[in-house]
Amino acid sequence: MSPLSSYNPEPHVVLFPFMAKGHIIPLLHLARLLLDHRATVTLFTTPANRPYIDQSLSDDDITIIDLPFPVNIPGIPSGIESTDKLPSMSLFLSFAKATKLMQPNFENLLQTLPHVSCIISDQFLHWTFESATKFGIPSLGFNGMSAYSSAICRDASVNGLLSLHESPDEPFTLTSFPWIKLTRNDFDYPFNKRDPSSPLFDFIVDIYKALSNCYGLLVNSFYELEPLFVDYLNRESKPKAFCVGPLCLTRPQKVEPVLQNKCRWIQWLDKKLAQGNPVLYVAFGSQAEISPTQLTEIAGGLEESKVSFLWVVRKSGTELGEEFEDRIKERGMVVKEWVDQKRILEHEIVQGFLSHCGWNSVLESICSEVPILAWPMMAEQQLNAKMVVEEIKIGLRVESRNGIIEAESLKNKVKELMEGENGNEVRKRVKEVAEAARNSIKDGGSSWHTLSQLIKEIHLQN
Ligand SMILES: O=c1ccn([C@@H]2O[C@H](COP(=O)(O)OP(=O)(O)O[C@H]3O[C@H](CO)[C@@H](O)[C@H](O)[C@H]3O)[C@@H](O)[C@H]2O)c(=O)[nH]1
């Protein structure tokens, strides 16, 4: 059967997340949300990503199809099929471009599926939009970003603001949002260069061209959070933006409570709750690379702050040494495993989040009513941090000197967030924003309504 040959009375959506945890997780929430909107869902992934997806969707009736990940890609060790497992993020472009080799297999399998109403895929898999067009299937792109960041990137680039000044530190004002001042340093490579020409720039141009032919862009956000920026995107750019988030508020999986209680960090949080000691959660997402020098400064700042903390250390945790863990063991916990971050943020004793401001972390923090201490590191995180601190005012920001956040400065900011007046202000504000988030995803709320309408619109096209 071809995708066009058999009509299905229920919408059938094909989902294809990019192979990075920060991109897979929101689309798994979306998969469950689509089931709640009475769609059937087929999800494409690769064999090494399959176990995580199987486990996350174990309760749900979703067809999962594996496509072999391309082999013999220079620099990419065999068996690595997710960006968080890459030896270095400098391999990102080779990794992302390699996925295009999956296109023939994807198209062959697509033709074996029952009628497909729509393909939702990540912008880093932009060749899937081409496949959708080839088979006459409407496609929706997903970029994992806020409307604020997408709008700022567009405004700065179409108005030539990124090449205005010689120095990357020189501030400029956005044309469409004159209250926002930025420097080129607020943008990641290659946009922090006056001349961004580079293979990565060409890849991004290809993405934007491909996206402009999609039916829409799904935004993991809610209209009430950033109306001006959503309106800007819908006025100035193509395709239309549809806010359907926060996706992390989708109904959770049913997990056996017995299994959940096994994690030692949740038990530790329970103990802190019993003692009445508020905890700062410290984590920098799935891909951040932190130098040993910076790691030592973080350890010093957390130790000297005297605040209780739960720190998820990823790749380079070994440099901290056992002495550090011994010294802080009454007050702090260092975890080197993968954790259920959402569950940690939802624990009532967690009252602050030192975060790199990946967009999923920002949304999870908002929805858990936890204010943020923003420490952006890469990608669009500088823009997210600016939004968190200046636009929606749910966080404070760390200060760097010569590219390093020093222990003393971090200590002061941690104390300000956890114990200070400014911390109290942002804590109050995040509760208001969380309520608006919860309202948006309720039946009748803005995000719920947008997704319902979108599914109807797309289904009518079939
Ligand atoms: O031990 C861990 C570590 C992470 N997470 C989850 O992993 C996701 C991480 O996503 P995010 O916070 O957005 O960080 P990154 O992994 O760094 O995300 C990439 O993708 C995001 C979405 O496009 C961008 O906003 C970021 O800048 C980019 O680095 C979140 O859902 C976390 O809850 C866990 O559950 N357990």
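Bear in mind that the values in this text are calculations on the coordinates, not laboratory data. As the structure is a prediction and not an experimental result, all values here were calculated from the model. Using ideal geometry, Cβ is built from the backbone for each residue, glycine included, and neighbour counts are taken over all protein chains shown.
Provide the percentage of antiparallel DSSP beta bridges, counting only those with both residues in the chain; round to the nearest 5.
DSSP beta bridges in the chain are roughly 5 percent antiparallel.
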>> Helix-only mean residue ellipticity at 222 nm, the chain, DSSP H runs n ≥ 4 weighted -39,500 (n - 2.57), per residue, nearest 500. What is it?
In response: -12500 deg cm²/dmol
> Once the piece of chain linking Asp59 and Lys262 is laid out straight, how much longer is it, given 0.36 nm per residue of separation minus the C-alpha distance between them?
Replying inline: 71.1 nm
> What GluC sites (Glu not before Pro) does region 154-256 have in DSSP loop regions with at most 11 other beta carbons within 10 Å?
Replying inline: Glu166
> Cβ under 10 Å from Lys181's Cβ, Lys181 left aside: what net charge do those residues give with Lys, Arg +1 and Asp, Glu -1?
Replying inline: -1
>> Can you find, among Ile53, Pro114, Leu218, the residue sitting farthest towards the positive end of the charge dipole of the chain, where Lys and Arg contribute +1 and Asp and Glu -1 at Cβ?
In response: Pro114
>> For a 23 Å ceiling on Cα separation, which of these pairs sit above it: Lys393/Lys415; Lys271/Lys413; Lys272/Lys393?
In response: Lys271/Lys413; Lys272/Lys393
>> I need the per residue convex hull volume for region 349-462, using only the alpha carbons, in cubic angstrom as a whole number.
In response: 117
> Given the Cα-Cα distance of Glu236 and Tyr52 and 0.36 nm per residue of separation, how much length would full extension add, in nm?
Replying inline: 62.4 nm
>> Starting from the 7 Å offset along Cα-to-Cβ, what nm value, one decimal, do you get for the label separation of Asn159 and Gln103?
In response: 3.6
> Taking the highest mean first, how do the peptides 79-91, 302-314 order by number of other beta carbon atoms within 10 angstrom per residue?
Replying inline: 302-314, 79-91
>> Expected output is a single nm value to one decimal: the length gained when fully extending between Ser167 and Lys329, i.e. 0.36 nm times separation in residues minus the C-alpha distance. What is it?
In response: 53.8 nm
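Do any of Lys329/Lys411; Lys336/Lys431; Lys342/Lys428; Lys21/Lys336; Lys134/Lys456; Lys238/Lys342 go past 24 Å between their Cα atoms, and which?
Going by Cα-Cα distance, Lys336/Lys431; Lys238/Lys342 fall outside the 24 Å limit.
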> What does the charge dipole of the chain about its Cα centre add up to, to the nearest 20 debye, if the Cβ of each Lys and Arg holds +1 and the Cβ of each Asp and Glu holds -1?
Replying inline: 460
>> Report the rotationally averaged projected area of the chain based on its alpha-carbon convex hull, in square nanometres.
In response: 21.5
> Zone of Lys431 (label point 7 Å along Cα→Cβ, backbone N under 17 Å): which residues in region 267-297?
Replying inline: 278-279
> So for region 277-428: antiparallel DSSP bridges make up what percent, rounded to the nearest 5?
Replying inline: 5
>> From the phi angles alone, apply the Karplus equation (6.51, -1.76, 1.60; θ = phi - 60°) to region 90-98 and give each ³J(HN,Hα) in whole Hz, x where the residue is Gly or Pro.
In response: 5, 8, 3, 5, 4, 4, 5, 5, 4
